[in-house]
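Quick one: the structure is below, and I'll ask about it shortly.
The values are calculated or read from the model by the stated rules, or taken from the named source; none is laboratory data. These figures come from a predicted structure and were not determined experimentally. In this analysis, Cβ positions are derived from the backbone assuming ideal geometry, glycine residues included, and neighbour counts consider all displayed protein chains. The protein model used for the area step is the full one, side chains on, heavy atoms only, and it has no ligands, DNA or RNA in it. Shrake-Rupley method; radii C 1.70, N 1.55, O 1.52, S 1.80 Å.
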Amino acid sequence: MNIVRYAQNKKENKGSYWSWVLFSPVLFYILSLTCLHASTINKIMAKVNDDVILQADFDEVITPMIEQIKSKYGEELKKEELDKKIAEIKKEFLDQMIDQKLLLQEAKKKDIKVSKRDLENGIELIKDRFKKKGDKVLTPVEVEVEFNAEMKRQNLTMAQFRDKVREDLMINKLLDIEVVSKATKPTGEDLKTYFEKNKDKFDEPEKVSVRHILIRCEKNASIKDESLALNKIKEVQQKLKKGEDFAKLASEYSEDPGSAKDGGNLGFIVKGMMVKTFEDVAFKTPVGDISDYFKTEFGYHILKIDSKQAKLSRTFEQVKDNLEKYLMGEQNQEQYEKYMKDLRSKSTISITEK
C-alpha cells in the first residue's frame, strides 16, 4: 500500500474522519431503501434487534452491483471464482446493512439530533453527485432535473429522502462521539519513528504506461482454438510491422473490452497489478517500442509502451501531514471495529439463509 496515496484518498469534511460514511457509494444506495417496499409483504432476510432487513430491499441494491461485477470480471474469472466473489460481496454488503441498523438504533437511543443547517448541507453534498453527466458540467436547473429523476426512479419522496439523510447524519455524529473523539493525535516523534521503520511504503513505485492487444485463448483450449488465436495475433503483429496504428488495431482486434474501446490503453501499471509474464515484458520493453507477441493465462498479447516513471522516494517532510492523517485513520478504523463488535455483542441478530 502506498500510504501517501491512501491518506490523500481519504475523504474528509470539516475535520471529521467519519464524514465519508454518509456519502460512500454503497451507503448512497441505502438511501433508496426507506419505504421502498414498505407496503409489500416480503421475506425477512435479517433481524437486527427490533428492526428487519427485507429481502427485496437487499436485492434492490445488490442486483446492479452484481451486474457490474459480472460485466467487469465475467470473462476473466471461472464460474466458481465469479460465484465466490459475488458471495463475498453479498456477505459484505449485508454486514454493512446490519451495521447501519445497529448504529441508527444507538444514535436514537442516545437521542442524537441533527440541525436544519447540517441537514441542508448533507443534502447539497449528495446533490453534488449530479453536477456532472459524463464529461458535461450541468447547470443548477439540470442538476435538479437529474436529482428528481433519480428520486422518482427510487420511488422516494423528498420527505423520505430527508429523513434518510437525517438518519445517516445522526450516525455520523454518533461515530464522531464514539470513535473519532477517542483517537490520540500522534506526536512528531511517533511520526518520525513510523517513517523510519516504513520508508519503503512511502515510495512511489516504478510505473509503466502500457497499451495492449489481447487475443483470448483459454489454458485448456483445443488445438484448433489455439491455432486460430495464434494466427490472429500473428496477423496483428504483421500489420504493426507495416506501420499500422497500434490504438486503431487494438480497437479493432483486441478482445479485452475494457481497454479495446480506448485503443488498448491500460494506463500506468506497477508491479503486482498484472500477471508476472505481462509485467516482465512491460517493464523490459523500451518506451515507444512494441513487444513481440507472448502468451499468458488469458491469451496472446502485444504491448506498446507509452511512457515510464522511475521509482520516487519521499522525505519525511514531504509525507508528514499525510502520514498523520493515515495514522489517525488507522486508529479510527481500529476503534470503529471495536465499537461495532461491542454493539453486535449486545444485540440480537439473526440472518435467514437465502
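Quickly run through the stretch 74-99 and pick out the residues that are open to solvent by less than 60 Å² (accessible area, probe 1.4 Å) and at pLDDT below 85.
Of everything in the stretch 74-99, those that are open to solvent by less than 60 Å² (accessible area, probe 1.4 Å) and at pLDDT below 85 turn out to be GLY74, LEU77.
Quick check on my filter: what residues within the stretch 99-133 are out of contact with any Lys or Arg (no Cβ under 8 Å at 6 or more places or on another chain) and among the aliphatic types (A, V, I, L, M)?
Residues satisfying the conditions are LEU103, LEU104, LEU125, ILE126.
When you go through (1) in contact (Cβ under 8 Å) with a residue 60 or more places away in the chain; (2) under 23 Å from GLU178 (Cβ atoms); (3) not in a helix (DSSP H, G or I) one by one for ASP111, which number turns out not to apply?
Going through the list (1) in contact (Cβ under 8 Å) with a residue 60 or more places away in the chain; (2) under 23 Å from GLU178 (Cβ atoms); (3) not in a helix (DSSP H, G or I), ASP111 breaks only (1).
So, in the stretch 303-339, how many residues would count as being in contact with a Leu (Cβ under 7 Å, 6 or more places away or on another chain) and among the hydrophobic types (A, V, I, L, M, F, W, C)?
Looking only at that region, the number is 1.
With respect to VAL179, is the statement that it is within 27 Å of the chain's Cα centre (by Cα) and either open to solvent by 30 Å² or more (accessible area, probe 1.4 Å) or of a type outside the set (Lys, Arg) (or both) true?
So VAL179 fits the description; yes.
Right, here's the next one. Pick from LYS308, LYS304: which is touching a strand residue (DSSP E or B) at 6+ places or on another chain (Cβ under 6 Å) and within 22 Å of GLU244 (Cα to Cα)?
Within the list LYS308, LYS304, the selection yields LYS304.
Within the set of pairs 6 or more residues apart or between chains, which connect a residue that is basic (Lys, Arg) inside the stretch 62-90 to a residue that is in a helix (DSSP H, G or I) and open to solvent by 50 Å² or more (accessible area, probe 1.4 Å) with Cβ atoms less than 7 Å apart?
Note: pairs meeting the criteria are LYS85/TYR73.
Please find, within the stretch 102-130, the residue that is most open to solvent (accessible area, probe 1.4 Å) out of those that are more than 12 Å from LEU169 (Cβ to Cβ) and over 23 Å from the mean Cα position of the chain (by Cα).
Ranking the qualifying residues of the stretch 102-130, first place goes to LYS109.
Any idea how many residues of the stretch 327-354 are part of a helix (DSSP H, G or I) and either in contact with a Gly (Cβ under 7 Å, 6 or more places away or on another chain) or more than 30 Å from ASP200 (Cβ to Cβ) (or both)?
Of the residues in that region, 7 qualify.
A further question on this structure: From the residues in the stretch 164-203 that are in contact (Cβ under 8 Å) with a residue 12 or more places away in the chain and part of a loop (DSSP other than H, G, I, E, B), which one is nearest to GLN309 (Cα to Cα)?
ASP203
Oh, and also: Against the condition aliphatic (A, V, I, L, M) and open to solvent by 60 Å² or more (accessible area, probe 1.4 Å), how does LEU169 come out, does it pass?
When the stated conditions are applied, LEU169 does not pass them.
Filter the stretch 164-195 down to the residues that are within 30 Å of GLY272 (Cβ to Cβ) and in contact with a helix residue (DSSP H, G or I) (Cβ under 8 Å, 6 or more places away or on another chain) and list them by number.
Residues satisfying the conditions are PRO186, ASP190, LEU191, LYS192, TYR194, PHE195.
Would you pick out the residues in the stretch 131-143 that are open to solvent by 60 Å² or more (accessible area, probe 1.4 Å) and in contact (Cβ under 8 Å) with a residue 12 or more places away in the chain?
Answer for the stretch 131-143, where residues must be open to solvent by 60 Å² or more (accessible area, probe 1.4 Å) and in contact (Cβ under 8 Å) with a residue 12 or more places away in the chain: LYS131, LYS133.
Does THR193 count as loosely packed, with under 14 Cβ neighbours inside 10 Å, farther than 22 Å from ARG117 by Cα and modelled with pLDDT of 95 or more?
Criteria met by THR193.
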